[in-house]
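Take a look at the structure set out below.
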Amino acid sequence: MILRPPRSTQSGSSSASDVYKRQRYDSAVADFSESFIVWSLSPLYAGFSGGIDGSSYTYDEFRALVRYGVCDESEFPYTKTDPGEDNLHWDAPRVRFSSWHRLPAYAIETMKRALLAGGAIDTG
């Protein structure tokens with residue numbers, strides 16, 4: 001289970017990477033770009049502040065993973081500073097997720113089934 005610290009920028013990428021890894025049974029491993037989520041996707045959502053404040057509590061970062069996808073870390077390595085509009089890597093190949101879902105709070109059995117079927121759970 002991935003525990004999300006308050007307003008973590010890495011939760012979307014970590015959860016996405018874990019789900020992708022669990023769906024693959026060969027040596028392919030995902031290492032998605034936190035920087036793409038922070039610097040490229042965050043400007044598209046009013047509640048998703050990006051930068052060091054990271055994700056929103058309405059989970060805009062997960063909506064962005066479904067709508068726009070995320071590129072690999074090798075395409076957009078981690079950076080703490082804004083790379084500028086010309087370096088947002090929208091031309092990089094991206095993986096889009098088909099959906100994301102909310103689970104009821106404290107539904108332990110539902111969470112166990114979700115972990116078994118899909119992988120990561122983002123909590124907070």
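All of the numbers you see were taken from the coordinates with simple rules; none came from a lab. As the structure is a prediction and not an experimental result, all values here were calculated from the model. All Cβ positions, even for glycine, are placed from backbone atoms using ideal geometry, and neighbour counts span all protein chains on display.
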task: Show me 100-107, 88-95, 31-38 ranked by packing, highest mean number of other Cβ atoms within 10 Å first.
output: 31-38, 88-95, 100-107
statement: Between T79 and E109, the FRET efficiency computed from the C-beta separation at R0 = 41 Å comes out, to the nearest 0.05, as 0.50
message: Run the simple label-point estimate for A117 and D91 please: 7 Å along Cα→C-beta, distance reported in nm.
response: 4.1 nm
